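Read the structure below first, then the notes.
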Amino acid sequence: MQDKQLFEYAVIRVVPRVEREEFLNIGVILYSRNQKFLGVKYTLDEMRLLAFYPQTDISALKDYICAFDKVSKGGKEGGPIGQLDMASRFRWLTAPRSTIVQVSKVHSGLSEDAAGTLDRLHQQLVL
């Protein structure tokens, strides 16, 4: 049995009107240095997003989320940020921002399986 390893995660949120401070959770970013894992899992429920805020630009939102995914995977597809090491990419993805896509503060925990934990957190916090 593998020992539990430290992981960090943040929830990805859509904040269509920052001044109202209302948001919907749409995804999770999880990083585990010891397991050499950085992943993003998200669900864009278009009907729910439009019910929450009818003027939501779904196309732009998809572009933002795809950028999160590309940066998390690393490599040239992720642009200059995608070229950074895994820890730096996680810190960049979880940096505070005031756009339509924001992230929660970073939380931590212990897990034997980072990918399985990402799935579990996505299920609990998004779906």
Max mean-square fluctuation residue, GNM over the chain, Cα-Cα springs under 10 Å, options LYS41, LYS73, LYS105: LYS105
Assigned charges on the beta-carbon of Lys, Arg, Asp, Glu; region 5-125 dipole about Cα centre (debye): 280
In region 1-81, the GluC sites (Glu not before Pro) that fall in loop regions by DSSP, at most 10 other Cβ within 10 Å: GLU21
Integer Hz, Karplus 6.51/-1.76/1.60 couplings in order for region 116-121, x for Gly and Pro: x, 5, 4, 4, 5, 5
Dipole-positive endmost among THR99, GLY79, LEU110 within the chain (Cβ charges, Cα centre): GLY79
Cα long-axis angle, helix 58-73 against the chain (0 to 90 degrees, to the nearest 10): 10
The chain: calculated mean residue ellipticity at 222 nm from DSSP helix runs of at least 4, using -39500 (n - 2.57): -10500 deg cm²/dmol
Whole-Hz couplings from phi, Karplus 6.51/-1.76/1.60, listed for region 94-106; x for Gly and Pro: 9, 5, x, 8, 10, 10, 5, 10, 10, 10, 6, 5, 7
Distance in nm between pseudo-label sites at ARG33 and GLU46 (7 Å out along the Cβ direction from Cα): 4.2
Nonlocal amide H pairs with THR56, under 5 Å, H built at 1.01 Å: none
Nonlocal Lys pairs with alpha-carbon distance under 18 Å, the chain (8 or more apart, or different chains): 9
Area projected by the alpha carbon convex hull of the chain, averaged over all directions, nm²: 7.7
Label-point separation in nm, TYR53 to SER104, each point 7 Å along Cα→Cβ: 1.9
Gyration tensor (alpha-carbon) shape descriptor, region 70-125, a/c threshold 1.5: oblate
Charged-residue dipole, Cβ positions (Lys, Arg, Asp, Glu), region 80-127 about Cα centre, Debye nearest 20: 300
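Readers should treat all values here as calculations from the given coordinates under stated rules, not as data from a laboratory. Computed from a prediction, not measured in an experiment: that's the story for all the values here. Every residue, glycine as well, gets a Cβ built from its backbone with ideal geometry; the counts of neighbours run over all protein chains shown.
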